[in-house]
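Presented below is the structure to which this report refers.
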Amino acid sequence: MDQRRYVHLIELDYARMRETAIRDLAAPVPHCPGWTTADLLKHVGDTFLHKVETMCRGAWPRPWPPEPDPDGPAAYLDRAMAGLRGELTSRKPEEQALTWYDPDQTVGFWARRMALETVVHRVDAELAAGESIVPIPADLAVDGIDEILVTFLAFASLQWPEDFGQALSGADGRAVSITAGADRLLVRLAASGVEVTRDDAPGEASISGAPQDVLLWLWRRADGSALTFDGDPELVERLRDLLKEVTQ
């Protein structure tokens, strides 16, 4: 996916999230315990502005986060979106930018990350409002599956293994195959860290479904009723436990 596509999708999901959330800013967000939709908009605004400041400064902004906007969370989100739009449309994806993911220190990383951040929280707003989820484009969903497994889970399990506790230290090297549409990944869970490869080899457990359904299950926004599971259910549950640490 190119940067123009990411920016276009951010625009769509930002607008949908905003229009859905402002109908009831006190509505609880089901998968973000203790949050209301007002908190959700504030969080996304904080996230957008944090990346704007990071790209502008070439350093992590300190102190952070800023004080709440007196005009409210929707106005704050609008301001943050304007800043993010400006940065991503004025910079090339290959330009250097500080990120927390060592293998990719580019503006393009943040375009992808913000598109996937926004779609997940757009879904949060829809769930909070009790509304149907607007379909997630297949290309974005497949990209999001790769991101959460490779960029989040595998990288974090190697960098900060202590954060995963027994869920990681007790892993025995067996693998879960994940099929999302035509895309397939093999996720090997080992005490030394999670490894993700594009491999048609069978795993000791498997998960398959449409890209959107797989993405939302990985992000713990869906119960998996739309997916097909096979093999060792305890291995699937171990993967679920590991994902808990990167989807809070």
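The values are calculated or read from the model by the stated rules, or taken from the named source; none is laboratory data. Nothing here was measured: the structure is a model prediction, and the numbers come from that model. No Cβ is skipped: glycine too gets one built from the backbone with ideal geometry, and neighbour counts run over all protein chains shown.
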Review point. Identify, please: which residue in region 85-96 is closer than 16 Å to Ile10 by Cβ and in a loop (DSSP other than H, G, I, E, B) and is, among those, nearest to the chain's Cα centre (by Cα)?
Key: Pro93
Review point. Given (1) at pLDDT below 95; (2) in contact with a helix residue (DSSP H, G or I) (Cβ under 9 Å, 6 or more places away or on another chain), where does Ala201 come up short, assuming only one miss?
Key: (2)
Point to revise | Any hit, region 45-63, residues being modelled with pLDDT under 95 and in a loop (DSSP other than H, G, I, E, B) | key: yes
Check your understanding: Restricting the search to region 118-131, which residues are more than 23 Å from Asp46 (Cβ to Cβ) and assigned to a helix (DSSP H, G or I)?
Key -> none
Review point. Is one or more of the residues making up region 29-47 of a type in the set (Phe, Trp, Tyr) and crowded, with 16+ Cβ neighbours inside 10 Å?
Key: yes
Check your understanding: Does region 30-39 contain any residue that is touching a residue at least 60 places away in the same chain (Cβ under 8 Å), in a helix (DSSP H, G or I) and within 28 Å of Glu19 (Cα to Cα)?
Key -> yes
Check your understanding: For region 132-201, which fully contained strands (runs of 3 or more DSSP E) count at least 3 residues that are of a type in the set (Val, Ile, Thr), surrounded by fewer than 13 Cβ atoms within 10 Å (Cβ to Cβ) and not assigned by TED's automatic domain parsing to the domain that holds Pro233?
Key -> none
